[in-house]
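Below is one structure, written out as structure tokens; the observations come after it.
The values are calculated or read from the model by the stated rules, or taken from the named source; none is laboratory data. Treat the numbers as computed from the prediction; the structure is a model and nothing was measured. Using ideal geometry, Cβ is built from the backbone for each residue, glycine included, and neighbour counts are taken over all protein chains shown. SASA here: full protein model, heavy atoms, side chains in, ligands and nucleic acids out. Shrake-Rupley method; radii C 1.70, N 1.55, O 1.52, S 1.80 Å.
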Amino acid sequence: MDLLAQSLREAPIIEKGDYEYFVHPISDGVPMLDPKLLREITIGIIRKAELEGVDKIVTPAAMGIHISTAVSLMTDIPLVVIRKRQYGLDGEVSLAQVTGYSENEMYMNDVYEGDRVLLLDDVLSTGGTLRAIREALEETGADVADIVAVIKKTGGDNEMEDYDVKTLINVDVVDGEVVITDEQGDG
């Protein structure tokens, strides 16, 4: 994960209230995403995730989409995007997303009882998004085979501490800079 580590060390930091937020192509789409970085991350996810028998990849919009699309293309596992827009289609499940800096309603379709899914996201920070999705998947009766986030931001409260979440790299923001706390991530 050399490219990922280097790109994180170079990431600018902005403040959203009391929350220090790093701006990165994987989590924000800026600066532009180098295909070599996306390829490195995709391979890292495929090597780390439990993919045996997985029927679907589930990811939240928007920044999980590019990562999950790349993994879907490499594994031939279909992709389900959890959206911020309601369509009212049959089987649509509503869930509340609460992060360190926002609250939103999200909507999931095409996940059913007995589906074996990989839950995939860009960043695990407060855990609010992943926890809401995990709970919605459980209520639906889906089997969560694995949960993977590319980047884990350490140093704060994390609502996913009671779940096994694999990450590719762990970082913290200290004095306005990204510091790598574990180059191997979790799991």
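Of all the residues in the stretch 1-52, those that are assigned to a helix (DSSP H, G or I) and open to solvent by 50 Å² or more (accessible area, probe 1.4 Å) number 10.
Within 16 Å of A5 (Cα to Cα), open to solvent by 30 Å² or more (accessible area, probe 1.4 Å) and among the basic types (K, R), is that true of K152? Answer is yes for this residue. Look at I41 and say whether it is under 16 Å from the mean Cα position of the chain (by Cα) and closer than 13 Å to D122 by Cα. Yes, satisfied. Of the residues making up the stretch 159-183, those that are among the hydrophobic types (A, V, I, L, M, F, W, C), part of a strand (DSSP E or B) and surrounded by 14 or more Cβ atoms within 10 Å (Cβ to Cβ) are L168, I169, V171, V173, V178, V179, I180. Summed over the stretch 123-158, the residues that are assigned to a helix (DSSP H, G or I), of a type in the set (G, A, S) and free of Cβ contacts under 8 Å to residues at least 40 places away in the same chain give a count of 2. None of E92, E113, E103 is farther than 28 Å from I14 by Cα and at pLDDT below 95 except E92. Within the stretch 57-80, the set of residues being in a strand (DSSP E or B) and open to solvent by less than 40 Å² (accessible area, probe 1.4 Å) comprises I57, V58, T59, P60, V80.
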